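Q: Have a look at the structure that comes next, please.
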Amino acid sequence: MSTIVFANSPFTLEERYGTLAGAGNTLPSMGLLYLSSVARKNGYKTGVVEASSLGLNYEDALKQILSFSPDYVGITATTVSIFHAAKLADKIKDKNKNIKVIIGGPHLTAVPKETMKMFPSFDYAVIGEGEETIVELLKYLDNGGNTDDVKGIAYRYHQGSVGINERRKLIDDLDTIPFPAWDILTDFPRGYHPVAIRCRKYPAAHLLTSRGCPHKCIFCDTSVFTKKYRAFSSEYILEMIKVLYNKYGIREILFEDDVFVIFKKRLIEICEGLLRENLKISWSCLGRANAVKPDILKLMKKAGCWQIGFGIESGDQKVLDFAHKRITLEQMEEAVRWTKEAGMETKGFFILGFPLETEESIMNTLNFSKRIMLDDISVNLMTPFPGSEIYNMADKYGKFNKDWSKMNMLQSVFIPNGLSEDRLNYYSKKMLKEFYLRPRIIKNYAFRMVENPRNAGNFLKGLSAFFKTVAQR
């Protein structure tokens, strides 16, 4: 049977997080682990090379990949990392041109033809959800079949043109997918760390318990999993958590779903299951402001949840309405207040530089972030990613630099009319500084360091990154 290695490309913390690299996340890719698990279940020899999370350079990443003597290498990439993926593919081809390189991920799915034409070292591409597609593609390649018959792929003709097949139907029952192949990783979980401010216990792992998002925010790319919401069952999630807890010693879970709290029946089942199993874990999740109520928040707290992050985006209602957020500022404030009353910490995710943004609307956002009871914030710059609604209309509202390599949400690739790059960077720094350099926030961080001295070193790294950011950003 053939061998496939799944990898992400060397992509340093500095490239991913800029001056906030000291507070960066190095958790493994759930997508790669699921793909490896599925390929292994179907009889393929597999390996995973986490070049990005482990900080490998190209030479070390290439050495690890080639050590498996692979027939195929599957590389995942976001928009900002697609050039790194292409460079890794080039190096693989330089060593062994017979290895077939398969590219996948959100960027490729959003713009498959442009990506395949730009990077000739990619032989095949998996578009959208990959588990069923990768297995069928490998079987066709092994048996010399016609890849024209494989749904959900793009491929290169001999003359250089790109063919794109019909999209594959989404997986109806996600519970049929085997658990991620954590066992295939070297030094899991000790070698992988989340952002310090998102963790209370160690070791930690993150989970994606659903796919798809039914909401219509213009800045999100939903091209991989679409707007159709599907979820792993509560039974699947609880069993997976037990494996992480008992086999790997995990004591902290970060639920990364954008819509984790939306479907209350499943959420209640997960919380009640955690209490029933008496698993001594702490966990955090992302929430939507109009989907939480006091009763469910109290249950989440009882089941171990200590922090909820809300996608607030802006403190100006006109900007929110333009972005199709479909939530009011009053709902945001209410959700944060209820979360605090339930005994949990809160985080707000903000984006500066929307179309129609003005200095006044940015100041509204800054003041809103300080007025409501948030404990942490994240401030990013509007980035119109390929696959998002705003990608195709940003030019109407400002200056848009479509350089994929700069789309890390930290660089000003989009400047709305009436603003400048300097002013956006100024307000980004100002917002971080004015939010965090307040007695309540400083006291909270000091308490957390005293409460968890084992995490003090990671907090200090984050603190250093913060001061470097507000000084230079």
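Q: Among 170, 437, what is the fewest-to-most ranking by other Cβ atoms within 10 Å?
A: Going from sparsest to densest Cβ surroundings: 437, 170.
Q: In whole Hz and in residue order, list the ³J(HN,Hα) couplings for region 72-80 that follow from phi through the Karplus curve 6.51 cos²θ - 1.76 cosθ + 1.60, θ = phi - 60°; x for Gly and Pro.
A: 9, 10, x, 10, 9, 8, 8, 4, 5
Q: Which of the following values of Cα extents along the principal axes in Å was calculated from the structure shown: (i) 87, 48, 44; (ii) 64, 55, 38; (iii) 70, 53, 43?
A: (ii)
Q: Rounded to the nearest 500, what is the 222 nm mean residue ellipticity of the chain from helices alone, with -39500 (n - 2.57) per DSSP H run of 4+ residues and division by all residues?
A: Calculated mean residue ellipticity at 222 nm is -11500 deg cm²/dmol.
Q: Give me the extension gain from residue 143 to residue 230: residue separation times 0.36 nm, minus the current Cα-Cα distance, reported in nm with one decimal.
A: 28.0 nm
Q: Taking the Cα centre of the chain as origin, work out the dipole magnitude from +1 charges on Lys and Arg Cβ and -1 charges on Asp and Glu Cβ, in debye rounded to 20.
A: Dipole about the Cα centre, nearest 20: 940 debye.
Q: Also, I was wondering about something else. I need 211, 230 ordered by Cβ neighbour count within 10 Å, fewest first.
A: Ascending number of Cβ neighbours within 10 Å: 230, 211.
Q: Related question: By how many nm would the segment from residue 248 to residue 187 grow when fully extended, if each residue of separation counts as 0.36 nm and the alpha-carbon distance is taken off?
A: In short, 20.9 nm is gained.
Q: Here is the link list: 265/325; 87/430; 228/433; 293/402; 340/429. Which ones come out longer than 30 Å on Cα distance?
A: 87/430; 228/433; 293/402
Q: While we're looking at this one, here's another question. Evaluate E = 1/(1 + (r/R0)^6) for residue 94 and residue 175, where r is the Cβ-Cβ distance and R0 equals 35 Å; express this FRET efficiency to the nearest 0.05.
A: 0.25
Q: A further question on this structure: Compute the separation of the alpha-carbon centres of region 391-425 and region 173-241 and state it in Å as a whole number.
A: 30 Å
Q: Expressed as an acute angle from 0 to 90° and rounded to the nearest 10, what is the orientation of the C-alpha long axis of helix 30-41 relative to the principal long axis of the chain?
A: Computed tilt is about 40 degrees.
Q: For residue 363 and residue 264, compute 0.36 nm times the residue count separating them, minus their Cα-Cα distance, and round to one decimal in nm.
A: 32.2 nm is the gain from fully extending residue 363 to residue 264.
Q: At R0 = 22 Å, how high is the FRET efficiency between residue 321 and residue 426 if r is their beta carbon distance? Nearest 0.05 is fine.
A: Taking R0 as 22 Å, the efficiency between residue 321 and residue 426 is 0.30.
Q: If you filter region 317-400 for trypsin sites (Lys or Arg not before Pro), then keep DSSP loop positions with at most 13 other Cβ within 10 Å, what is left?
A: 326
Q: Among residues other than residue 54 whose Cβ falls under 11 Å from its Cβ, what is the net charge (Lys/Arg +1, Asp/Glu -1)?
A: Every neighbour counted, the sum reads -3.
Readers should treat all values here as calculations from the given coordinates under stated rules, not as data from a laboratory. Computed from a predicted model, the values in this text were never measured in an experiment. Cβ atoms come from the backbone with ideal geometry, glycine included; neighbour counts cover every protein chain shown.
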